Amino acid sequence: MRSITLLTLCLLFNPAWAGCSEYDIIIKSMDGRFVDQCAIKQCFHFEGEAVLSNDCANPVGIKIKITAYDEDGAVVASNTAWPAGTTNIPSGDYAFALSQWLPYNPEIKTFVLKPVDVEHWREQDL
């Protein structure tokens with residue numbers, strides 16, 4: 001009887017997304033660059049788009065880390081963000097903007113996106 005009670009409690013308090021981790025998220029593509037849109041003086045900002053694949057069984061919030069490197073491979077800048085905010089991303093592909101994810105630095109030569117966390121956001125009552 002105690003085994004059944006313990007099993008029931010484990011099932012009740014172990015949400016379906018709990019088996020999902022950042023390792024179930026894959027960055028499929030990314031295209032980012034610094035763009036200067038000012039006419040008189042330089043004012044670079046970062047923009048672009050990336051596509052991730054959520055291989056989790058259920059929708060989850062996904063935290064992404066972007067790390068920028070110089071030509072020697074040293075870290076120049078780093079930032080984390082939730083591409084969908086506090087909205088769960090469904091299974092499958094999800095495209096998101098990279099706008100303003102990195103501050104401008106002329107030493108930046110390349111960057112990498114990496115999933116670092118998953119979270120299940122509670123749906124709010126409408």
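Coordinate-derived values only; no laboratory data. In this text the structure is predicted, and so the values were computed from the model without any measurement. Don't worry about glycine lacking a Cβ; one is built from the backbone with ideal geometry, like all the others, and counts go over all protein chains shown.
Starting at the first residue of segment 52-60, write each ³J(HN,Hα) from the Karplus equation 6.51 cos²θ - 1.76 cosθ + 1.60 with θ = phi - 60°, in whole Hz, x for Gly and Pro.
My calculation for segment 52-60 gives 10, 10, 8, 8, 6, 5, 10, x, 9 Hz in order.
Under a cut-off of 27 Å between alpha-carbon atoms, report the lysines in cross-link reach of K41, not counting same-chain residues fewer than 8 places apart.
Cross-link targets: K109.
Amide H to amide H, which residues 5 or more places from A84 or on other chains are under 5 Å from it, using H placed in the peptide plane?
Placed amide hydrogens put I62 under 5 Å from A84.
Can you pull out the chymotrypsin sites (Phe, Trp or Tyr not before Pro) in segment 79-113 that DSSP calls coil and that have at most 16 other Cβ atoms within 10 Å?
Numbers: sites: Y94, F96, W101, Y104, F111; in loops: W101, Y104.
Sparse-neighbourhood loop chymotrypsin sites (Phe, Trp or Tyr not before Pro): Y104.
Where in segment 57-126 are there GluC sites (Glu not before Pro) that are in a DSSP coil and have at most 15 other Cβ atoms within 10 angstrom of their Cβ? Can you show the working numbers first?
Working: sites: E71, E107, E119, E123; in loops: E71, E107, E123.
Sparse-neighbourhood loop GluC sites (Glu not before Pro): E71, E107, E123.
Suppose the chain between V112 and H45 were pulled fully straight at 0.36 nm per residue; how much longer would it get relative to their current alpha carbon spacing?
Working it through step by step, the gained length comes to 22.4 nm.
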